[in-house]
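*Asks:* Mind looking over this structure? Questions follow.
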Amino acid sequence: MSAPVRALHSVQQRQTFAGRARIQRGTHALVPLLALLSRLPRSGEVEVEVAFLADATGERWHRRFAGLPMHSRLWRGGTRLREHLGAVRFEFALRADAQSLYWQATRVWALGWIRLPARWFEQVRCREHADAGRYGFLVDVHLPLVGPFIRYEGWLEPR
């Protein structure tokens, strides 16, 4: 992995990063409701701030896109990474190469206990990488019947 990605994932207790993001939501009629349930940001070119808090049980990511909160909790589940975001819980397979860390959704639950078909989330992809010496991120989500759901990309640096 690149140095900026390693640095972000080496937070011991608490650290805040700040930067910019470009967010594009899909246009399907269900997108606003689904985005609300997942607490996803609105479309736009915005400032972003993320406070990372690490402890023995995992990490909390307190994101703010244009001042609007998007919080999640992440923890290890066996060999996978789990994330609780709004009313949705994800399980991700992680893969790394010399430059990037890739997240691929493998299982998803709604409301914490309703398991959703994995094939619905085959196109939920995330990539962390170096961006001009800063931490860069890309989240790109397409859903069956909905099509493009949300795409956000940007960069962060320690504050």
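*Asks:* Return the residues of region 97-128 that are charged (D, E, K, R) and outside any strand (DSSP E or B); say none if nothing qualifies. Show your work before the answer.
*Replies:* Let us first name the residues in region 97-128 that are charged (D, E, K, R), namely 97, 107, 115, 119, 122, 125, 127-128.
Listed by number, the residues that qualify are 97, 119, 122.
*Asks:* Test of understanding: among 53, 81, which residue is in contact (Cβ under 8 Å) with a residue 40 or more places away in the chain, out of contact with any Ser or Thr (no Cβ under 8 Å at 6 or more places or on another chain) and hydrophobic (A, V, I, L, M, F, W, C)? Outline the logic, then answer.
*Replies:* Numbers: 81 fails: in contact (Cβ under 8 Å) with a residue 40 or more places away in the chain.
Among 53, 81, only 53 is in contact (Cβ under 8 Å) with a residue 40 or more places away in the chain, out of contact with any Ser or Thr (no Cβ under 8 Å at 6 or more places or on another chain) and hydrophobic (A, V, I, L, M, F, W, C).
*Asks:* Search region 137-146 for residues being more than 12 Å from the chain's Cα centre (by Cα) and assigned to a strand (DSSP E or B), and hand back the single one that is surrounded by the most Cβ atoms within 10 Å (Cβ to Cβ). Spell out how you get there, then give the answer.
*Replies:* Kept after step one, since they are more than 12 Å from the chain's Cα centre (by Cα), are these residues of region 137-146: 142-146.
Now drop any that are not assigned to a strand (DSSP E or B), which leaves 142-143.
Values: 142: 16, 143: 19.
Once the filter is applied, the top-ranked residue is 143.
*Asks:* State all residues of region 47-67 that are modelled with pLDDT under 95 and of a type in the set (Val, Ile, Thr); if no residue qualifies, say none.
*Replies:* Result: 57, single match.
*Asks:* Oh, and also: Does residue 94 meet the test of being surrounded by 18 or more Cβ atoms within 10 Å (Cβ to Cβ), within 16 Å of the chain's Cα centre (by Cα), modelled with pLDDT of 95 or more and not in a loop (DSSP other than H, G, I, E, B)?
*Replies:* Values: surrounded by 18 or more Cβ atoms within 10 Å (Cβ to Cβ): no; within 16 Å of the chain's Cα centre (by Cα): yes; modelled with pLDDT of 95 or more: yes; not in a loop (DSSP other than H, G, I, E, B): yes.
When the stated conditions are applied, residue 94 does not pass them.
*Asks:* Now for a different question. Quickly run through region 29-47 and pick out the residues that are closer than 27 Å to residue 109 by Cα, out of contact with any helix residue (DSSP H, G or I) (no Cβ under 9 Å at 6 or more places or on another chain) and either in contact (Cβ under 8 Å) with a residue 12 or more places away in the chain or not in a loop (DSSP other than H, G, I, E, B) (or both). I'd like the intermediate steps shown before the answer.
*Replies:* As a first pass, look at region 29-47 and keep what is closer than 27 Å to residue 109 by Cα: 29-43.
Cutting the leftovers down to out of contact with any helix residue (DSSP H, G or I) (no Cβ under 9 Å at 6 or more places or on another chain) gives us 29-39, 43.
Within region 29-47, 30, 31, 32, 33, 34, 35, 36, 37, 38, 39, 43 meet the criteria.
*Asks:* To continue, here is another question. Let me confirm something: among 64, 20, which residue is among the charged types (D, E, K, R) and without any contact (Cβ under 8 Å) to a residue 60 or more places away in the chain? Lay out the reasoning, then the answer.
*Replies:* Values: 20 fails: without any contact (Cβ under 8 Å) to a residue 60 or more places away in the chain.
That would be 64, the only listed residue that is among the charged types (D, E, K, R) and without any contact (Cβ under 8 Å) to a residue 60 or more places away in the chain.
*Asks:* With the checklist (1) over 22 Å from residue 124 (Cβ atoms); (2) aliphatic (A, V, I, L, M); (3) at pLDDT 95 or above in hand, flag the one item residue 29 doesn't pass.
*Replies:* (1)
*Asks:* May I pose another question? Can you tell me which residues in region 1-27 are farther than 13 Å from residue 157 by Cα and surrounded by 18 or more Cβ atoms within 10 Å (Cβ to Cβ)?
*Replies:* Correct list: 2, 23, 25, 26.
*Asks:* Which of the residues belonging to region 46-60 are β-branched (Val, Ile, Thr) and surrounded by 15 or more Cβ atoms within 10 Å (Cβ to Cβ)?
*Replies:* Residues of region 46-60 that are β-branched (Val, Ile, Thr), as a first pass: 46, 48, 50, 57.
Correct list: 46, 48, 50.
*Asks:* Related question: Against the definition (hydrophobic (A, V, I, L, M, F, W, C) and more than 21 Å from residue 154 (Cβ to Cβ)), how does residue 30 come out, yes or no?
*Replies:* Numbers: hydrophobic (A, V, I, L, M, F, W, C): yes; more than 21 Å from residue 154 (Cβ to Cβ): yes.
Yes, satisfied.
The values are calculated or read from the model by the stated rules, or taken from the named source; none is laboratory data. Fair warning: this is a prediction, and the values are worked out from it, not measured in the lab. Every residue, glycine as well, gets a Cβ built from its backbone with ideal geometry; the counts of neighbours run over all protein chains shown.
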